Amino acid sequence: MLFGRMQATLARIFGSCELLLATDTLQFDDYDKYLSTVWDAAAKAKRREEVFPLDCAKARELGARLVTG
């Protein structure tokens, strides 16, 4: 995995390193405004509703760990 190798390299250089990925995010604020057959707007909306809050919580937890050491 590319990100795993990058994380290992950064850990060797800087010490402890954490990885946080937020994937399959929105490409447009309103899919109705654009003609795009690449993405499923309904699936994107469902993922944003279900997964994005969890990603944000993980980011907050990471931020808290970074500031507290």
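What accessible surface, in Å², does a 1.4 Å probe find on residue 29, ignoring ligands, DNA and RNA and rounding to the nearest 10?
About 130 Å², rounded to the nearest 10.
Tell me, what % of the accessible area of the chain is carbon and sulfur with a 1.4 angstrom probe? Can you show the working numbers first?
Numbers: 3400 of 5780 Å².
About 59 percent, which is the carbon plus sulfur part of the accessible surface.
Answer with one residue from 20, 10, 57: the one whose Cα lies farthest towards the positive end of the charge dipole of the chain, charges on Cβ with Lys, Arg +1 and Asp, Glu -1.
The Cα lying farthest towards the positive end belongs to 10.
Determine the dipole magnitude for the chain: charges of +1 sit on the beta-carbon of Lys and Arg, -1 on that of Asp and Glu, nothing else is charged, the reference point is the Cα centre, and the result goes in debye to the nearest 20.
On the way: 10 positive and 10 negative charges, 72 e Å.
Result for the chain is approximately 340 debye, rounded to the nearest 20.
Suppose only helical runs count, i.e. DSSP H with n ≥ 4. What mean residue ellipticity at 222 nm does that imply for the chain under -39500 (n - 2.57) per run, divided by all residues and rounded to the nearest 500 deg cm²/dmol? Provide the component values of the computation, followed by the final result.
Numbers: 3 runs with 40 residues, N = 69.
It lands at -18500 deg cm²/dmol.
Please return the longest stretch of the chain lacking exposed loop sites, where chymotrypsin sites (Phe, Trp or Tyr not before Pro) count only if DSSP places them in a loop and at most 16 other Cβ atoms lie within 10 Å.
Working: sites that count: 28, 34, 39.
The segment 40-69 is the longest one with no such site.
Calculate, for the chain, the solvent-accessible area per residue in square angstrom, rolling a 1.4 angstrom probe over the heavy atoms of the protein chains.
On the way: 5780 Å² over 69 residues.
Here the residues of the chain average 84 Å² of exposed surface.
Using alpha carbon centroids, what distance separates region 7-27 and region 35-69, in Å?
Using only Cα atoms, the two centres lie 15 Å from each other.
When the chain is modelled as a GNM with alpha-carbon springs shorter than 10 Å, which of 46, 58, 33 fluctuates the most?
Of 46, 58, 33, the Gaussian network model singles out 33 as fluctuating most.
Please list, or write none, the lysines whose alpha carbon is within less than 26 Å of the alpha carbon of residue 33, excluding same-chain residues fewer than 8 places away.
Partners within reach: 44, 46.
The values are calculated or read from the model by the stated rules, or taken from the named source; none is laboratory data. Owing to the predicted nature of the structure, the values given are computational and were not obtained by experimental measurement. Glycine gets a Cβ as well: all are built from the backbone with ideal geometry, and neighbour counts include every protein chain shown. These area figures cover heavy atoms from the full protein model, side chains too; ligands, DNA and RNA do not enter into them. Shrake-Rupley method; radii C 1.70, N 1.55, O 1.52, S 1.80 Å.
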